[in-house]
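What follows is one structure encoded as structure tokens, with my remarks underneath.
The values are calculated or read from the model by the stated rules, or taken from the named source; none is laboratory data. Everything numeric in this text was worked out from a predicted model, so none of it was measured. When we count neighbours, we look across all protein chains shown, and the Cβ atoms used for this are built from the backbone with ideal geometry, even at glycine. Accessible surface areas use protein heavy atoms only, side chains included; no ligands, DNA or RNA. Shrake-Rupley method; radii C 1.70, N 1.55, O 1.52, S 1.80 Å.
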Amino acid sequence: MTIMGASDIDEAVAYTTRALEGVADRDWDAPAAGLEWSCHDTAVHIASCFLGYAAQLTGPTDDSYVPFDITAAPGTGPAGLIHVLKATGGLLSSAVRTTPGDVRAWHPYGMAGPDGFAAMGVVEALLHTYDVTGALGVPAPPAPAGLCARVLDSIFPHLPVVGDDPWHTLLWATGRADADGLPRQTAWRWYAELLRTERLLLCEVLPDAAADLHAGGSGNVVWAPGGPPEGTRVAGGIVARAHEDGGYRRGWGTYAIVRAADRRAVGAIGFHAAPDADGHAEVGYDLVEGARGHGYATEALRALADWALTRPEASALRATTEPGNTASEAVLARAGFTRVRADGAGTVHELRRTG
């Protein structure tokens, strides 16, 4: 995984300001490409992200953004907005440079440290520069390939690189371009915080993507042949219904199991619901046929169980196997689960928190 820092922000800000200076004589009240904002408002949004991310690092929160926003002074034109971007980009760079690496603060896509907020700031700058300049008729040149490659590796590790062009990959990953043989990203996201194992990435499937999976889509990941399996589509429906009913809790849904070697999803693992009043949560998993027999399910289950049983609301995980499903029983045994009861409907296995 690439660790991004202040120099990456500086490079992104330099690219952004050069590109925007090339359209500073245009009407920034025009709508930005693909957005509901004007070009003016899009520039303010970039600055707001820069300053907001800096504030998350200097005044860390664990459940929300620091409650403030910025606006441009009335009458501020393109030249003034570019000045604002330089200033706020510098503040984010300084915050990243001086914040200890172990600091973590809230973001909707996961708790992040200075490296994560650096990567997020780079993405905001590069993509919205593309949106503004494209709308104003002078498309910006491709963003620096090395910078794009680093940000893809940092917070888009679940998606494959399109050919040998990191800039085009970043545009595809964020729904701005097509890629041959790959689904268009319609509800894209990045990951500031991932569950990682030696060979796998566990990527939480948020409700919109879960609904897409249940309806027959890809869930905005790229699948190995044979995917998504039917159990994954069922799990997507469980997450989507829980969200509609108000019972969804972040972290206690389903996760795509992505093979790090080729960035293809090979299955899914997750929970039927958040822990109940006794602290019990039911877990399930499935893999595409071609990925079975490689230990992926055991590796993913161990990682998810380790995460879940550190949460104060969970005291035990349970899984039920159908009669004769010896493969799943073996996975559970290797992950530390023990049998607690069996009947005609199946066998219940449990892993309890220790200590």
Overall dimensions of the chain by Cα: Rg and Dmax, Å | 22.2, 75
Considering Cα pairs under 8 angstrom that are at least six residues apart, work out the relative contact order of region 1-141 and quote it in whole percent.
-> 41
Residue by residue through region 307-321, the couplings from Karplus 6.51 cos²θ - 1.76 cosθ + 1.60 with θ = phi - 60°, in Hz, x for Gly and Pro, are 5, 5, 7, 8, 7, x, 7, 10, 10, 7, 10, 10, 9, 10, 10
Efficiency of FRET between A215 and D306 - r from beta-carbon atoms, R0 30 angstrom, step 0.05 = 0.40
Distance between region 1-67 and region 286-338 - C-alpha centres, whole angstrom = 41
Could you let me know the centre-to-centre spacing of region 188-239 and region 79-104, using Cα atoms, in angstrom?
-> 33
Once the Cα gyration tensor of region 252-336 is found, what semi-axes does its equivalent ellipsoid get, as square roots of 5 times the eigenvalues, in whole Å, sorted largest first?
-> 22, 16, 11
Long-range amide H partners of W223 with built H, under 5 Å = A265
By the C-alpha gyration tensor axes a ≥ b ≥ c (rounded if a/c is under 1.5, else prolate when a/b exceeds b/c, else oblate), the shape of region 26-185 is oblate
Classified through the alpha carbon gyration tensor (a ≥ b ≥ c as square roots of its eigenvalues; rounded if a/c is under 1.5, else prolate when a/b is larger than b/c, else oblate), region 1-110 comes out prolate
Label-to-label distance, nm, for residues given as A72 and E350 (7 Å Cα→Cβ offset) = 6.1
Averaging sequence separations of C-alpha pairs under 8 Å and six or more residues apart, then dividing by the length of the chain, give the relative contact order as a whole percent.
-> 12
Residues meeting the amide H criterion for E282 (H placed from the backbone, H to H distance under 5 Å, 5 or more places apart or on another chain) are H272, A273, R318
Percent RCO, i.e. relative contact order, over region 167-289, from Cα pairs under 8 Å lying at least 6 residues apart = 22
Each residue of region 333-343 in order: what ³J(HN,Hα) in whole Hz does its phi give by Karplus 6.51 cos²θ - 1.76 cosθ + 1.60, θ = phi - 60°, with x for Gly and Pro?
-> 5, 5, 7, x, 6, 10, 6, 10, 6, 8, 8
Accessible area of E282, 1.4 Å probe, to the nearest 10 Å²?
-> 50
Please give the FRET efficiency for L35 paired with E198, using the beta carbon to beta carbon distance and R0 = 41 Å, rounded to the nearest 0.05.
-> 0.55
Could you size up the charge dipole of region 11-54 around its Cα centre, putting +1 on the beta carbon of Lys and Arg and -1 on that of Asp and Glu, and report it in debye to the nearest 20?
-> 140
Here the gain from full extension of A330 to T2, 0.36 nm per residue of separation minus their alpha-carbon distance, amounts to 114.6 nm
Looks like region 79-131, by Cα gyration tensor root eigenvalues a ≥ b ≥ c and the a/c under 1.5 rounded cutoff (else prolate when a/b is bigger than b/c, oblate otherwise), is oblate
Step through the residues of region 26-31 one at a time and calculate ³J(HN,Hα) from phi using the Karplus curve (6.51 cos²θ - 1.76 cosθ + 1.60, θ = phi - 60°), rounding each to whole Hz and writing x for Gly and Pro.
-> 9, 8, 7, 7, 5, x
With charges only on Cβ, +1 for K and R and -1 for D and E, what is the dipole size of the chain about its Cα centre, in debye, rounded to 20?
-> 820
antiparallel share of DSSP beta bridges within region 146-305, to nearest 5, in %, is 95
Burial order of peptide ranges 124-136, 340-352, 166-178, 302-314 (average beta-carbon count within 10 Å, highest first) = 124-136, 166-178, 302-314, 340-352
